[in-house]
Amino acid sequence: SYTTDTKSREENKKTLESLYSLSVDIKKIRRLKEWVLLQDAAYVKEIAGILQEMGADETTVANIIERCPEAILLTPAEINSQRALWQLVCQNEKQLIKLIEQFPESFFTTEYQQNQKANILFFQELGLKNNIITRFLTSAPNIFYNPVEKNKNVIETLQRNYLNLGGSEANMKIWILKLLSQNPFILLNTSTAIQENLEFLQKNDFTDQEVLQLLSKLKGFIFQLNSTTMQKSMLFSKNVFKCSDQELKQLVLKCPALLYYSVPVLEERLEGLLKEGISIAQIRETPMVLELTTQIVQYRIKKLSALGYDIKSGNLESLNGTKKDFEVTYGKIQSKKERPIFNPVAPLHIED
């Protein structure tokens, strides 16, 4: 643990000199984490040496230290252990240094090295590709801080439930790997929470097949919810769309966002759509439109209106989908508008 009592301490001159010699912007460090400069021991030259050994040039080294100044407080032994650890999943040192430059905080968190190593080996055994594991290391590093037993426990709970819901043994591995790739944060949940959420869906008359369908559609986000919020969201949708339990179930299967988003989020999105002159009946017909933020909906409506497309009288399918999906739809509407109407019986004027 490093002291953060800055008043009575002075900056370490040796650290400052070493940082100057590497062209590091010290003002930046003072602004972000001045306490690093007050520590008695720092390994500036050693850490820079290891990074250079891996192929980092002077600018890259300075950039890494500016973004994660506490790196200089780690010992060379700690950095080398972390380097060996990440090399288990990196193709080469060139890729490793690129990752360190983009995600220095993830790399320089070394206090969970044993757990990190055990989890990397577990994920490899599970069949996750190394490029997916490196993505987890950088974008979801805290799943590696768990003891490996906890992660194994969550995976076993998912596997058991998948089979209980009628999933086949042959597809289970693909299903688990896909779920993890889409949402590694599943591993931050407890096995109990996962169990409770699945039971909630079954109590609400979703068949085993439908529960499986929802799990795949929600990319595992359902495990980050709880039965209270899901119940509130479902009740809100039932009142808004004035539908029976069976109709509500069909809407949720069509648009799992009705289960996933909280009432305030659904309210805000619904209001945004109504302000644009869209009716509840239209939304009920295409509930997936609630997966989009109000800003995205407004932007898309504006673009379509410019083409003379009236969203109030048409269906909402044209608003749906990812950015790429929308661009395809928009392109089709645009080319339809620009294409001259061809009359097959009109005489053709051919130049002599």
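The values are calculated or read from the model by the stated rules, or taken from the named source; none is laboratory data. What you are looking at is a predicted structure, and each value in this text was computed from that prediction instead of being measured. Positions of Cβ are backbone-derived with ideal geometry, glycine not excepted, and every protein chain shown enters the neighbour counts. Heads up: the accessible areas ignore ligands, DNA and RNA and are worked out on the full protein's heavy atoms, side chains in. Shrake-Rupley method; radii C 1.70, N 1.55, O 1.52, S 1.80 Å.
Measure nothing fancy, just the Cα-based angle from helix 58-67's long axis to the longest principal axis of the chain, in degrees from 0 to 90, nearest 10. That helix lies at roughly 70 degrees to the long axis.
The radius of gyration of the Cα set in the chain, together with its Dmax, comes out at 27.4, 96 angstrom. Each Cα pair under 8 Å and six or more residues apart adds its separation to the average, and for segment 11-110 the resulting relative contact order is 29 percent.
Note on surface exposure: GLU327, GLU93 rank GLU327, GLU93 by accessible area, highest first, 1.4 Å probe.
Considering only SER21, SER233, SER244, the mean-square fluctuation computed in a Gaussian network model of the chain, springs between alpha carbons under 10 angstrom, is largest for SER21.
Its alpha carbons considered, segment 226-337 gives a radius of gyration followed by a Dmax of 14.5, 48 Å.
Relative contact order for segment 226-337 using alpha-carbon pairs under 8 Å, separation at least 6, rounded to a whole percent?
Relative CO of segment 226-337 lands at 21 percent.
The charge dipole of the chain, taken about the Cα centre with unit charges on the Cβ atoms of Lys, Arg (+1) and Asp, Glu (-1), comes to about 560 debye, rounded to the nearest 20. Adding -39500 (n - 2.57) for every DSSP H run of four residues or longer, then dividing by how many residues the chain holds, sets the calculated 222 nm ellipticity at -18500 deg cm²/dmol. Over all distinct Cα-Cα pairs of segment 150-211, the Kirkwood formula returns a hydrodynamic radius of 12.1 Å. The order of ARG135, ARG284, ARG83 by accessible area, most exposed first and with a 1.4 Å probe, is ARG135, ARG284, ARG83. Surface exposure of the chain, expressed per residue as accessible area with a 1.4 Å probe, stands at 55 Å². The modelled label-to-label distance between VAL263 and ILE333, using points 7 Å beyond Cα along the C-beta direction, is 3.4 nm. Take the Cβ atoms of CYS243 and ASP208, set R0 to 22 Å, and the FRET efficiency comes out at 0.45. Take the alpha-carbon centre of segment 297-315, take the same for segment 118-157, and report the distance between them in whole Å. Segment 297-315 and segment 118-157 have Cα centres separated by 44 Å.
The apolar share of the surface of segment 226-337, taken as the fraction of accessible area on carbon and sulfur atoms (1.4 Å probe, ligands and nucleic acids excluded), comes to 54 percent. Largest to smallest in accessible area, the residues TYR20, TYR112 fall in the order TYR20, TYR112 (1.4 Å probe, all protein chains included).
Measuring nothing but protein heavy atoms, the accessible surface of segment 11-110 at 1.4 Å probe radius is 48 percent carbon and sulfur. Basic side chains Lys and Arg get +1 at the Cβ, acidic Asp and Glu get -1 at the Cβ, and with that the dipole of segment 11-110 about its Cα centre reaches some 180 debye.
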